[in-house]
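Worksheet: the structure to be examined is printed underneath.
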Amino acid sequence: MSRKTREKKMRLGANLKRSRRLPPLASIRTHRRLQMNLFKRDWRRTKLKLK
């Protein structure tokens, strides 16, 4: 197993946070202006392109 650098770990964490689903309360509060998370990705199919 390879060791991750701190930077790569931070980038992975940031991308994980980005790909979370939109909270229902957010779509209600914005009167459905926010329909979906634009950063959403399927972790099975779409791989992260990390440098």
*By how many degrees, 0 to 90 and rounded to 10, does the Cα axis of helix 6-18 deviate from the longest principal axis of the chain?*
20
*Diffusion constant of the chain at 37 °C, which comes from Stokes-Einstein with the Kirkwood Cα-pair radius and 0.692 mPa s, µm²/s*: 256
*Which distance in nm do the two modelled labels at Arg41 and Leu12 give, with both placed 7 Å along the Cα-to-Cβ direction?*
1.4
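Every number in this text was worked out from the coordinates using simple rules, so none of it is lab data. Values in this document were obtained by computation on a predicted structure and should not be read as measured data. So basically every Cβ, Gly included, is an ideal-geometry build from the backbone, and we count neighbours across all protein chains shown.
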